Amino acid sequence: MTTANGHALSNQEPQSPQRRHLLATAVSLGIAPWLLSACASQAGVTANVAGDSATRQLTAGQRRKLGTLDVFPVGLGCQWRPGSAPGVVVDSYSSTFDRPSAVRLIQRAVDLGVNFIDTAEVYGPFLSEEIVGEALQGIRNKVVLETKFGMDLDQKTGKRLGGLNSRPEHIKQVVEAQLRRLRTDRIDMLIQHRVDPNVPIEDVAGAVKDLISDGKVLHFGLSEPGVQTIRRAHAVQPLTVIQNEYSMLWRGPEAQVLPICEELGIGFVCWSPLGMGFLAGTVNADSRFAKEPVLDFRAVVPRFAPEALPANMALVNVVRTWAQRKNATPAQLALAWLLAQKPWIVPIPGTTKMAHMEENLGAAAISFTPDELQQLNAAVAAVSIQGARLPPAVMQMSGVEARSKS
């Protein structure tokens, strides 16, 4: 297991509203200056963002437990694919940058204290793992590296063969290729990307257990699994995390998945913690999303359809109101809400913008009193979200129970 060194924790607060005094005070107190500056530099966020001691504590230096792993409260999701021009990298929402910028983004995140990096073989395919592997050269031991398997890809070309593939022999082939792309000797967290209904989860867990025995994998997790599949997998090889979509926009895990995680001592990682940008305030009632020449994934997501967006904007209004109340940006507020739900929850927002990455990390400095959290939870629950969270073809791969072992 590898962890990053933490920053010193202090409960004192900066005394000056000026940015230069804020940073000087941070240094004198032993508080990571990046955390205060990331918060204070955002538009509409005042320099006393770390103030109000009754409701906020500085959390630079704190770590969260995912099983036995210690990670910074906010991770970094690396989900990119090739763009339309050579060297261009694009995310699922049509935001672009180049490969060197992607490398710098990861390295900057690690420099600022992020020690949990998530990616997957299917992102690209292969491209995201290659970028992460390049970025982590020389700093590999500072991070918990998470990647995923389970899609049916040609391991040489990356061609999508259609469907899922979690056959034990395939898993082991995938891991060998991932180790090469990631330029590492071990994967800290290996996650089944989606449950393969044709392969007993006991066989999957057994294959990962073998890889753990070989030292090639350190921890095991599942993404979007059925509840009974969680129990069955955990009985063969203890799970460290479940990774599901979870945000103010989609609270589905609260019904069954979070309770079973708490029962079994499994950590929880949130993908799409900002609701595909919705909770960050980048979407309005009139937003429309392109299908060509590059697909913006939101164009096929029902909750972003023209008929659904006007009603769903009520949630954006809640986030904005509370962000102002907490002297935070909407993105920071939405991430802080997740962190407040359970101490073993870690969101992994992705971005192509350095400033957005730094802004997201500021969520670690925001806390809520019990009364505030109760009020905020009630306000979020009062909004009825219109439209399904995913298109049907993707949705049908969530909550799947693996077939029984004969």
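The values are calculated or read from the model by the stated rules, or taken from the named source; none is laboratory data. What you are looking at is a predicted structure, and each value in this text was computed from that prediction instead of being measured. With ideal geometry, Cβ positions are generated from the backbone for all residues, glycine too; neighbour counts draw on all protein chains shown.
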query: Going through segment 305-335 one residue at a time, which ones are closer than 19 Å to P73 by Cβ and either out of contact with any Gly (no Cβ under 6 Å at 6 or more places or on another chain) or modelled with pLDDT under 95 (or both)?
result: V319, W322, A323, K326, N327, A328, T329, A331, L333, A334, L335
- prompt: Of everything in segment 128-155 that's over 14 Å from M189 (Cα atoms) and of a type in the set (V, I, T), which residue is surrounded by the fewest Cβ atoms within 10 Å (Cβ to Cβ)?
  reply: I139
- prompt: Which residue, of V236, V283, is without any contact (Cβ under 8 Å) to a residue 60 or more places away in the chain, in contact with an Asp or Glu (Cβ under 6 Å, 6 or more places away or on another chain) and over 16 Å from A388 (Cα atoms)?
  reply: V236
task: Note down all Cβ pairs under 6 Å where the first residue falls in segment 392-406 and is within 18 Å of W271 (Cα to Cα), the second is modelled with pLDDT of 95 or more, and they're at least six residues apart or on different chains.
output: M397/R194; S398/E224; G399/G226; V400/V195; V400/P197; V400/G226
task: Answer with yes or no whether R389 is under 30 Å from S166 (Cα atoms), crowded, with 16+ Cβ neighbours inside 10 Å and basic (K, R).
output: yes
- prompt: Of the conditions (1) over 29 Å from R104 (Cβ atoms); (2) crowded, with 17+ Cβ neighbours inside 10 Å; (3) in contact with a Gly (Cβ under 6 Å, 6 or more places away or on another chain), P125 fails just one. Which one is it?
  reply: (1)
task: Considering every residue within segment 355-375, establish whether at least one is without any contact (Cβ under 8 Å) to a residue 40 or more places away in the chain and among the polar types (S, T, N, Q).
output: yes
- request: Say whether the condition of being over 22 Å from the mean Cα position of the chain (by Cα), in a helix (DSSP H, G or I) and not hydroxyl-bearing (S, T, Y) is met by at least one residue in segment 279-287.
  value: no
query: Has segment 266-287 got any residue that is under 28 Å from G221 (Cα atoms) and among the hydroxyl-bearing types (S, T, Y)?
result: yes
- prompt: Checking Q79 against (1) assigned to a loop (DSSP other than H, G, I, E, B); (2) crowded, with 22+ Cβ neighbours inside 10 Å; (3) at pLDDT 95 or above, which test does it fail?
  reply: (2)
